[in-house]
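Every number here is computed from the coordinates shown, using simple stated rules; none is lab data. Everything numeric here is computed off the predicted structure, so don't read it as measured data. Using ideal geometry, Cβ is built from the backbone for each residue, glycine included, and neighbour counts are taken over all protein chains shown.
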Amino acid sequence: MRIFGLSFKVIKTLLTTQYAYMLEYRIEIALWALSGVLPFIMFSLWSQNDVGNSFGLNDIGLARYFLSAFLVRQFSVVWVVFSFEEDSLSGRLSPYLLQPLHPLLRYVAAHLAEQATRLPFAIAIAITFFILNPSSFWLPSLPQLFLAYLSTHFAFTIAFLLQSLVAALCFWTEKSSALERLIFVPYLFLSGLLVPLSAFPSNVLKIAMLTPFPYLINFPAKILSGMPVDIFNGFLAQLLWISILVPSVNLLWKLGVKRYTAMGA
Amino acid sequence: MQRYFKTIRLFWSTAFASQLEYQLNFLIELLAMLGTLLGSVFILSLFFTGGRQLGDWTWESALVIQGVYTFLDGLTNALLRPNLTEIVNYVREGTLDYVLLKPIDSQFWLSVQKFSFAGLPEIILGLSIVFWAAIQSGSTFSIYSLLVFIISLLIGFIILYSVWFLIAASSIWFVKTWNATEVLRALLAAGRYPISAYPVILRFVFTLVLPVAFLTTFPAEAILGELKFNILFFGLILSSLFFIFSRLFWKFALKHYTSASS
């Protein structure tokens with residue numbers, strides 16, 4: 001059986017080498033996990049000012065939502081555009097392009113390995129959160145957990161494809177990481193990282209739901225925290241975005257490689 | 001002293017010339033800035049639905065805080081980020097040697113060598129919001145309140161600079177401090193909202209441990225004419241201590257600098 005045209009042996013080697021590589025940077029990754037505290041800061045604000053009720057969430061609901069948002073973010077963080085820009089500017093991309101392995105798949109392996117390294121830190125932060133807010137403790141049921149896991153992976157896939165789209169622009173411009181800001185800004189405000197989307201006025205919500213961003217945090221976090229959510233339509237939208245993005249990335253990549261000038265080589 | 005001013009002028013005029021090459025970057029930064037501001041004001045407005053207040057701050061006075069935050073963010077993008085994130089690279093590649101050999105103070109050189117002009121619109125916009133929102137909330141400016149405002153902004157900037165420089169300086173030992181800077185940036189985002197809107201424990205942390213309150217809340221209180229004199233006095237002492245510590249720490253760190261790849 002082959003996945004993305006790769007045999008199991010190749011996949012296993014890719015993942016284990018990347019995992020070993022990531023283990024070297026444990027402190028880095030712990031700090032990075034910690035830099036995701038934004039949902040907790042927002043939680044303290046929303047609950048302190050009793051705003052939760054106005055969008056139908058009590059303090060416990062808020063706590064669960066923001067912890068879930070934190071966890072989903074931990075496992076859907078993407079930085080492919082930065083790695084790619086560095087590799088492309090330093091000429092490291094040239095040997096990657098010669099190998100019979102799509103360079104993007106190498107980055108996928110790096111991201112997955114990093115997620116595995118991050119897991120213990122994310123759990124430690126979640127436990128700390130429960131110690132500080134014991135009343136919010138909950139264990140999602142197995143189906144809930146499975147669906148949340150699945151949707152987080154889809155969220156990661158969408159985020160990865162979106163950034164790959166920007167990364168492919170590296171073939172045209174030297175500084176595509178600057179363009180990443182234009183994705184990050186709407187992501188920050190529309191994904192649900194700062195506030196559950198149910199707090200939005202209905203006309204803003206309608207516009208937000210037309211973008212891929214709510215499916216990156218809001219949807220998986222709602223499943224994980226046990227809030228009522230339209231599971232069928234959510235997954236449908238996630239798959240729809242993936243099916244739009246995969247051919248786009250493929251096309252842009254193919255066009256880009258033709259222009260590749262092997263900078264720094 | 002004059003030598004230092006002349007050096008800054010030379011640094012920034014070359015920076016300006018080299019950035020003219022990347023005009024697209026300027027446009028992207030502008031778009032990102034406007035998007036961020038729009039988003040933050042929108043999120044802030046959600047706190048005020050149904051006639052609520054945010055930690056005894058009215059909507060207009062909370063906008064003053066957004067303005068101060070935008071102003072400091074602009075300064076960060078223009079001055080702190082381009083310079084202080086480079087320190088790590090100098091250490092890693094061993095090019096810090098060349099900086100140390102120059103006949104000028106190394107901390108000065110590392111802190112002002114670059115200037116990103118893409119941060120300027122944010123600085124101007126931030127100040128405009130501060131004054132517009134302060135007028136809207138019925139504040140009458142006096143020379144005294146303007147002076148206190150400028151001093152408290154300086155206090156905030158010096159604290160921000162010193163904390164950031166401390167982290168960057170620790171790269172002498174740890175080399176990779178990029179993620180530590182990210183933690184700092186994430187915590188600083190708390191400065192978008194008034195300090196009194198946070199639970200008591202966080203208020204304490206954001207005033208004394210990581211003084212976010214001095215960055216945005218206190219300057220906003222200053223322009224609204226509500227800042228207590230003893231807080232200003234405390235801020236002066238605190239920022240001086242932070243700055244002196246960052247200098248002593250840099251001297252100490254340099255003693256441990258072993259250079260790389262040479």
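A few remarks follow.
- With 0.36 nm allotted per residue and the present C-alpha distance subtracted, the B:Glu182-B:Leu254 stretch has 23.6 nm of extension available.
- Difference of contour (0.36 nm per residue) and Cα-Cα distance, B:Ile201 to B:Ser170: 8.4 nm
- For the stretch B:19-61 versus the stretch A:1-44, the gap between their alpha-carbon centres in whole angstrom: 32 Å
- Here's the list of aspartates and glutamates a cross-link from A:Lys222 could span, going by alpha-carbon distance under 14 Å and ignoring same-chain residues fewer than 8 apart: A:Asp230.
- Value of [θ]222 nm, deg cm²/dmol, for chain B, DSSP H segments ≥ 4, -39500 (n - 2.57) each, nearest 500: -23000 deg cm²/dmol
- Per-residue mean of foreign Cβ neighbours for A:180-193 is 3 (Cβ atoms of other chains, 10 Å radius).
- Cα centre as origin, Lys/Arg/Asp/Glu Cβ charges: chain B dipole, Debye: 620 debye
- Selection among B:Leu30, B:Trp57, B:Val88 by position relative to the dipole of the stretch B:15-106 gives B:Trp57 as farthest towards the positive end (Cβ unit charges, Cα centre).
- 30 Å Cα-Cα threshold exceeded, pairs from A:Lys175/B:Lys176; A:Lys12/A:Lys175; B:Lys6/B:Lys251; B:Lys6/B:Lys176; B:Lys176/B:Lys251; B:Lys114/B:Lys255: A:Lys12/A:Lys175; B:Lys6/B:Lys176
- If you wrap the tightest convex hull around every Cα atom of the stretch B:2-260 and split its volume per residue, you get 140 Å³.
- For peptide A:34-46, the mean count of partner chain Cβ atoms within 10 Å of a residue's Cβ comes to 5.
- Working note: Karplus 6.51/-1.76/1.60 with θ = phi - 60° gives the stretch A:37-48 the couplings 6, 3, x, 6, 4, 5, 4, 5, 5, 4, 6, 4 Hz, where Gly and Pro are set to x.
- Shielding by partners for peptide B:21-29, expressed as the average number of C-beta atoms from other protein chains within 10 Å of each residue's C-beta, is 3.
- Cut-off 20 Å (backbone N to label point 7 Å along Cα→Cβ of A:Thr17), residues of the stretch A:101-126: A:101-117
- Each of B:Gln2, B:Ser45, B:Ser152 was scored by the projection of its Cα onto the charge dipole of chain B, and the greatest displacement toward the positive side belongs to B:Gln2; charges sit on the C-beta of Lys, Arg, Asp and Glu.
- Percentage relative contact order, chain A, counting C-alpha pairs under 8 Å, at least six apart: 29 percent
- The listed peptides B:228-236, A:192-200, ordered by packing as a protection proxy, come out as A:192-200, B:228-236 (highest mean of other Cβ atoms within 10 Å first).
- Which of B:Ser239, A:Ser191 has the fewest Cβ neighbours within 10 Å, and the rest in rising order: B:Ser239, A:Ser191
- For the protein assembly as shown, the calculated P(r), taken from all Cα-Cα distances in 20 Å bins from zero up to the bin holding the longest distance, is 19, 55, 25, 1 percent.
- Look at A:Lys175, B:Lys114, A:Lys9 and count the other Cβ atoms within 10 Å of each Cβ; fewest to most, that gives A:Lys9, A:Lys175, B:Lys114.
- Dipole orientation for the stretch B:2-260: of the candidates B:Pro219, B:Phe249, B:Ile195, B:Phe249 has the Cα lying most toward the positive pole (charges on Cβ; Lys, Arg +1; Asp, Glu -1).
- Separation of alpha-carbon centers, the stretch B:93-108 and the stretch B:145-176, rounded to whole Å: 20 Å
- Taking Cα centre as origin and charging only the Cβ of basic (Lys, Arg, +1) and acidic (Asp, Glu, -1) residues, the dipole magnitude of the protein assembly as shown rounds to 900 debye.
- Principal-axis tilt of helix B:229-255 within chain B, Cα atoms, nearest 10 degrees: 20 degrees
- Of B:Lys251, A:Lys222, the sequence from fewest to most neighbouring Cβ atoms within 10 angstrom is B:Lys251, A:Lys222.
- When only the Cβ of Lys, Arg, Asp and Glu is charged (+1, +1, -1, -1), the dipole of chain A relative to its Cα centre reaches about 660 debye.
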